[in-house]
Amino acid sequence: SVFVTGNATLENVVNYGSVTGNHAGTANKGNYIGGICSSVISTGVTISNCRNHGAVTYAGTPAVWTNIGGVFGEITQTDIELKGCENHGHVSFSGDNSNGKSINLAGITGGALYASFTDCTNFGTVEHKPANSGGGNINIGGFIGHHNQEASQLGTITNCANKGNLIN
């Protein structure tokens, strides 16, 4: 899994291996786990035709929030375009969430701010099966777990689909 910054293009990347996160994070930072990319944190990034076929799992205890996605853990800036990305792998959270922290879990990206998605599809199963649970926000989606945008910075979602199962 890579970490993308700066004006970058990420294209035609395929993952067939498993990605497992079990770290606890810190008091002011979250956990980001993705089959292709853990975190996209810069503007002007174009990501196209990336596919994940491996399992993406998180088995740790989240410290603040945890974003788990089949393709991306999180996307947090404006002017990010994702085109033709697919997840075929099993995405799951099985850690201890008795501390009430937030979990964002989905087939394409666990968490997104402002990003635009075109022709992206999740085929994999997304499963939330915590060892213990205790009152945190649990956002589960076939496509995006938590898509938080300000009205002035709306991204678009065009011709995208979830064809996988959600298990909670």
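The values are calculated or read from the model by the stated rules, or taken from the named source; none is laboratory data. Given the structure is predicted, the values throughout are model-derived calculations rather than measurements. So basically every Cβ, Gly included, is an ideal-geometry build from the backbone, and we count neighbours across all protein chains shown. What goes into the accessible areas is simple: the full protein's heavy atoms, side chains included, and nothing from ligands, DNA or RNA. Shrake-Rupley method; radii C 1.70, N 1.55, O 1.52, S 1.80 Å.
How big is the dipole moment of the chain about its Cα centre under a simple scheme where the beta carbon of each Lys and Arg is +1, that of each Asp and Glu is -1, and everything else is neutral? Debye, nearest 20, please.
Numbers: 6 positive and 9 negative charges, 59 e Å.
Using only the charged Cβ atoms, the result is roughly 280 debye.
Using a basic spin-label model with each label point 7 Å from the Cα along Cα→Cβ, how many nm lie between Asn137 and Ser18?
3.1
Counting only residues 5 or more places away or on other chains, whose amide H sits under 5 Å from the amide H of Leu10 once H atoms are built in the peptide plane?
Thr46, Ile47, Ser48
Taking springs between alpha-carbon atoms closer than 10 angstrom, which of Gly142, Gly95, Gly73 fluctuates most in the Gaussian network model of the chain?
Residue with maximal mean-square fluctuation among Gly142, Gly95, Gly73: Gly95.
Solvent-accessible area per residue for the chain at a 1.4 Å probe radius, Å²?
Working: 7160 Å² over 168 residues.
Value for the chain: 43 Å² per residue.
So how exposed is Tyr32, as accessible area in Å² (1.4 Å probe, rounded to 10)?
For Tyr32, the solvent-accessible surface is approximately 60 Å².
For the chain, list log₁₀ I(q)/I(0) at each q in 0.19 Å⁻¹, using the Debye formula over Cα point scatterers of equal strength and ignoring solvent, two decimals each.
Result of the Debye calculation: -1.13.
Plugging the Kirkwood radius over Cα pairs into Stokes-Einstein for region 18-75, at a temperature of 4 °C and a viscosity of 1.567 mPa s, what D comes out in µm²/s? Intermediate results must be reported in sequence, preceding the final value.
Numbers: Rh = 11.8 Å.
Calculated translational D: 110 µm²/s.
Let me cross-check Lys163: its accessible surface, 1.4 Å probe, with only protein heavy atoms counted, in Å² to the nearest 10?
We get 140 Å² for Lys163.
For Gly136, which sequence-distant residues (separation of 5 or more, or a different chain) have an amide H within less than 5 Å of its own amide H, given hydrogens modelled in the peptide plane?
Amide H neighbours of Gly136, under 5 Å, 5+ apart: Gly100, Lys101.
Take the chain, connect every pair of alpha-carbon atoms lying under 10 Å apart with a spring to form a Gaussian network, then pick out the residue of Phe143, Phe117, Phe72 with the largest mean-square fluctuation.
Residue with maximal mean-square fluctuation among Phe143, Phe117, Phe72: Phe117.
May I ask you to give the percent of accessible area on region 41-101 that is carbon plus sulfur, with a probe radius of 1.4 Å?
Details: 720 of 1760 Å².
Answer for region 41-101 is 41 percent, counting heavy atoms of protein chains only.
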